[in-house]
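The values are calculated or read from the model by the stated rules, or taken from the named source; none is laboratory data. Given the structure is predicted, the values throughout are model-derived calculations rather than measurements. Note: ideal-geometry Cβ built from the backbone for every residue, glycine included; neighbour counts use all protein chains shown. Keep in mind that these areas ignore ligands, DNA and RNA; they rest on the heavy atoms of the full protein, side chains included. Shrake-Rupley method; radii C 1.70, N 1.55, O 1.52, S 1.80 Å.
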Amino acid sequence: MITREDVLSAFQFRHATKKFDATKKISEQDFQVILEAGRLSPSSFGFEPWRFVVIQNTQLRDELKTVTWGAQGQLPTASHYVAILCLKDGMRYDSSHVTRMMRDVQHLSPEMMEKKRERFRAFQKENGILDSSRTLFDWAVKQAYIALGNMMTAAALLGIDSCAIEGGNMSAIEKILSEHGLLDSGRYGLGVMVAFGYRINEPSPKTRQSADDVVVWVR
């Protein structure tokens, strides 16, 4: 079992790595653990609105670099680079994805499926998630960030560096991914990207607000 110190040490170790050592590659076994941390992550109602696209092709990375200003140092040097795609309208309570998840993945009975679907519909309606395709997509992206955080934490526990990346023209990135057959723009949008590898430079000391500034206890 890992200790409390191990957990906190991993969070102290993790930083937004701007450039990786391009000569060092993550082992297949370690990267599978990182992917599993994403796959096993929780999502609202357990409907898993994500897809993890691992981009190792150097030509595609070069193409993405032209429209991803936040990954100028990471795209050429990262051992592994992942685009997390998120469902759009596919996260509606009456979508085929939700039906498939309940029937084929969660193995619910028809009666339980309808009860869960109604509960899901009420949740989406009460919270404005059904207002537009954009609100549905944004809600799905919120789920993807849980997976993102778990993947980055798993990497840190393995001594692997990472950097979450949003900086870029997301529409242009989606267009490139679509042209390469990696994104069905009718179903998916780009939620966030993340690079993994091994640092080439040591980071500056971590700065954070104090616990007293961010933690409120209600006893």
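All other residues whose Cβ lies under 14 angstrom from that of residue 203 are scored, Lys and Arg at +1 and Asp and Glu at -1, for a net of +3.
Computed over segment 128-174, the P(r) curve from all C-alpha pair distances, binned at 10 Å from the origin, holds 22, 37, 31, 10, 1 percent per bin. Legend: helices of the chain (whole DSSP H runs) are marked when their alpha-carbon atoms reach 27 angstrom or more along the helix axis and their mean Kyte-Doolittle hydropathy is at least -1.0; marked are 133-157. Taking only the C-alpha atoms of the chain, Rg followed by Dmax gives 19.1, 56 Å.
Mean silhouette area of segment 97-194, derived from the convex hull of its C-alpha atoms and averaged over all directions, reads 8.5 nm². Counting only Cα atoms, the size of segment 140-199 along its three principal axes is 36, 24, 19 Å, in decreasing order. For the peptides 86-94, 55-63, the ranking by mean Cβ contacts within 10 Å, running from highest to lowest, is 86-94, 55-63. Computing FRET efficiency as 1/(1 + (r/R0)^6) for residue 58 and residue 209, where r is the C-beta to C-beta distance and R0 is 41 Å, gives about 0.55.
The mean accessible area for residues of the chain, using a 1.4 Å probe and ignoring ligands and nucleic acids, is 57 Å² per residue. Of 200, 26, the order by accessible heavy-atom surface (1.4 Å probe, DNA, RNA and ligands excluded), from most exposed downward, is 200, 26. Between 139, 69, 50, the GNM of the chain built on Cα springs shorter than 10 angstrom shows 69 fluctuating the most.
Can you tell me, using C-alpha contacts under 8 Å and at least 6 residues apart, the relative contact order of the chain as a whole percent?
Numbers: 314 pairs, mean separation 75.9, N = 219.
In percent, rounded to a whole number, it is 35.
Could you tell me the ratio Rg/Rh of segment 63-125? Both radii from Cα atoms, Rh via Kirkwood.
We get a ratio of 1.27 for segment 63-125.
When the alpha carbon coordinates of segment 1-104 are projected onto the principal axes, the ranges are 46, 43, 23 Å, largest first. With K and R counted +1 and D and E -1, the other residues having a Cβ less than 15 Å from that of residue 69 yield a net charge of +1. Among the protein heavy atoms of the chain, carbon and sulfur supply 52% of the accessible surface, probe 1.4 Å, non-protein parts ignored. The lysines within cross-link reach of residue 115, meaning a Cα-to-Cα straight distance under 21 Å and a gap of 8 or more places when in the same chain, are 125. Only Cα sites of segment 1-44 enter the Debye sum here, all with the same form factor; the resulting log10 I(q)/I(0) across q = 0.16, 0.17, 0.21, 0.34 1/Å is -0.70, -0.79, -1.09, -0.99, listed in q order.
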